[in-house]
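Written below as structure tokens is the structure these notes are about.
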Amino acid sequence: MANTDSTLPSTVNDKRKSKTGRLAAASSIGTALEWYDFTVYNIMAALVFNHVFFPSFDPLVGTILAFSTYAVGYVSRPLGGFVFGHLGDVAGRKTVLIVTLVIMGITTALMGLLPGYAVWGIWSPVLLVTLRFVQGIALGGEWAGAVLLSMEHGDAGKRGRNASFAQVGPSCGTLIGTGFITLVTVAMSADQFQAWGWRIPFLLSLLLVMFGLWLRRGVEETPTFVAMQTDKKTTHTPLKEVFINYRKQLLIAGGSRIGSDVLYALVVVFTLTYVTTVLHLPRPLALMATMLGAIGNAITVPMFGALSDKWGRRPVYIIGALLAIVWSFVFFALLDSTQPVLIILAVIGGLLIHAMMYGPQAAFVTEQFPSHVRYAGSSLAYTLAGIVGGGFAPLIITSLFKETGSTLWVSLYVSLALVITLFALWKAKETAHRTD
């Protein structure tokens, strides 16, 4: 009889746990850096960039322009999806992940060194947009590889849990980014923060890059890719195959992401603008709510990923999307109370519901495609959907509120995005029990 985990020597179990831990960390570090970068950018766009890079406009218009440059990072993602998706299926998962990590870290640090409009004039926001564009290219190839790194090393029956390790990264990145900014804002005056303090969190991203490189250099190429190479089953044209043979799967995988992206933009990105600019409440309150919500999200994402291994991807995902539609209306009722406890509850609740979708999402998206085109197919689904979902969501949400003065239209927009996700899930087949 084969040994079970409980009868294996303790040294073997320790090594297995150590390997799993390193894989989880190596998988999540890239998405953590990605969302650290995005969190720092989002918060600075809401608090500082309208003064530093767009000083000629009123605060809300300047914020909208800053969110427009945020969207550029999503628009350029498909280019990264094409380039790195191809390389991931041809050259291997590990090589691509090291390259994307370095590019992300360098571009973020350069944002922290960029002079403002008062020094370089129009070239300052132009270079900001350029850095966002390059950063988006790297991010376009990061997510799918990070998911596959842990998923293809693990047990096929635990793909939901293993793939969700990469999904923990956004909450960790949000938490670290928000925490750093909170410390910086507490340690200096508002004038100092606007003059130079906002640069510190951007420069600190280099620490995450160095840690990430150490983690990923110590992880082997995935067994799935090694087996494909050995059996000569890799393809030289993965992108072509995806567009010819897997168009339906591409639409389903992409559609499944839109709702969760828009919900995240509402709860994490727009909350800071709404609480500080509209409700005129203290900035630390919004930051604290985001940090507590991120902690809850990071804890529950793997739980819902593991639950999808038992219940199936679609049931867990669908329940999350339905609850999110309800919460998109409850959310503003809680914020408008102006009560700190209820504001914190609004953000925590929104991010727990987001975790119900985000936990099974990584496995669901990647399982739409066979292993020989999985990197390319997943990258394209992720990046193309990202434009429709997360990329323009902060801009659309802020613009809708500015034009209508009502949060009802914001809630309806979020609900529409979630309906698209529900339709994609309805058209999809259950993938939890795939073995390839």
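The values are calculated or read from the model by the stated rules, or taken from the named source; none is laboratory data. Please read all numbers here as calculations on a predicted model, not as lab measurements. Virtual Cβ from ideal backbone geometry, glycine too; neighbours counted across all protein chains shown.
Summed over the stretch 132-177, residues that are acidic (Asp, Glu) and closer than 16 Å to residue 374 by Cβ total 2. Of the residues making up the stretch 194-242, not one is under 23 Å from the mean Cα position of the chain (by Cα), assigned to a helix (DSSP H, G or I), of a type in the set (Val, Ile, Thr) and at pLDDT below 85. Only a single criterion out of (1) more than 17 Å from the chain's Cα centre (by Cα); (2) under 30 Å from residue 158 (Cα atoms); (3) among the aliphatic types (A, V, I, L, M); (4) buried (at least 22 other Cβ atoms within 10 Å of the Cβ) is not satisfied by residue 294, namely (1).
Taking the numbered list (1) closer than 27 Å to residue 412 by Cβ; (2) modelled with pLDDT under 95; (3) touching a helix residue (DSSP H, G or I) at 6+ places or on another chain (Cβ under 7 Å) in turn, residue 278 passes all entries but (3).
Of a type in the set (Gly, Ala, Ser), in contact (Cβ under 8 Å) with a residue 40 or more places away in the chain, surrounded by fewer than 21 Cβ atoms within 10 Å (Cβ to Cβ) and more than 22 Å from residue 271 (Cβ to Cβ): which single residue out of 371, 308 fits that description? Spell out how you get there, then give the answer.
Values: 308 fails: surrounded by fewer than 21 Cβ atoms within 10 Å (Cβ to Cβ).
From the options 371, 308, the qualifying one is 371.
Annotation: residue 409 fulfils all but one of (1) at pLDDT below 90; (2) more than 27 Å from residue 306 (Cβ to Cβ); the unmet one is (1). Does residue 131 fit the bill of being surrounded by 16 or more Cβ atoms within 10 Å (Cβ to Cβ) and within 24 Å of the chain's Cα centre (by Cα)? In short, yes.
If you take the residues of the stretch 134-162 that are of a type in the set (Asp, Glu) and crowded, with 21+ Cβ neighbours inside 10 Å, which of them is farthest from the chain's Cα centre (by Cα)? Give the steps one after another, and end with the answer.
Initial filter on the stretch 134-162 (of a type in the set (Asp, Glu)): 142, 152, 155.
With crowded, with 21+ Cβ neighbours inside 10 Å added as a condition, the list becomes 142, 152.
Details: 142: 10, 152: 20 Å.
Taking the candidates together, the pick is 152.
From the list 139, 128, the one residue that fits, being touching a residue at least 12 places away in the same chain (Cβ under 8 Å) and farther than 28 Å from residue 366 by Cα, is 128.
Here residue 377 fulfils each of the conditions (1) modelled with pLDDT under 90; (2) in contact with a Pro (Cβ under 9 Å, 6 or more places away or on another chain); (3) not acidic (Asp, Glu) apart from (1).
Checking each residue of the stretch 87-95 against the condition of being at pLDDT 80 or above, among the charged types (D, E, K, R), buried (at least 22 other Cβ atoms within 10 Å of the Cβ) and in contact with a Phe, Trp or Tyr (Cβ under 7 Å, 6 or more places away or on another chain) gives at least one match. In this entry, residue 306 is excluded by the filter for residues that are within 16 Å of the chain's Cα centre (by Cα) and under 30 Å from residue 156 (Cβ atoms).
What number of residues in the stretch 200-231 are among the basic types (Lys, Arg) and crowded, with 19+ Cβ neighbours inside 10 Å? Write out each step before concluding.
Pass one, the stretch 200-231, residues among the basic types (Lys, Arg): 216-217.
Among the residues that remain, those that are also crowded, with 19+ Cβ neighbours inside 10 Å are: 216.
Of the residues in that region, 1 qualify.
Quick one: is residue 324 over 19 Å from residue 291 (Cα atoms), in contact (Cβ under 8 Å) with a residue 12 or more places away in the chain and touching a His at 6+ places or on another chain (Cβ under 9 Å)? It is true that residue 324 is over 19 Å from residue 291 (Cα atoms), in contact (Cβ under 8 Å) with a residue 12 or more places away in the chain and touching a His at 6+ places or on another chain (Cβ under 9 Å).
For the residues 398, 421, the requirement of being touching a Leu at 6+ places or on another chain (Cβ under 9 Å), crowded, with 24+ Cβ neighbours inside 10 Å and among the β-branched types (Val, Ile, Thr) singles out 398. Listed by first and then second residue, the pairs with beta-carbon distance under 8 Å, at least 6 apart or on different chains, first residue in the stretch 389-407 and farther than 21 Å from residue 358 by Cβ, second modelled with pLDDT of 90 or more and not in a helix (DSSP H, G or I), are 401/407; 407/336.
Taking every residue in the stretch 234-260 that is closer than 11 Å to residue 378 by Cβ and pairing it with any residue that is among the charged types (D, E, K, R) and part of a helix (DSSP H, G or I), at least 6 positions away or on another chain, the pairs with Cβ-Cβ distances below 9 Å are 238/89; 238/374.
Among what's in the stretch 320-340 and is among the aliphatic types (A, V, I, L, M) and under 19 Å from residue 416 (Cβ atoms), pick the residue that is surrounded by the most Cβ atoms within 10 Å (Cβ to Cβ). Filtering first and then ranking leaves 324.
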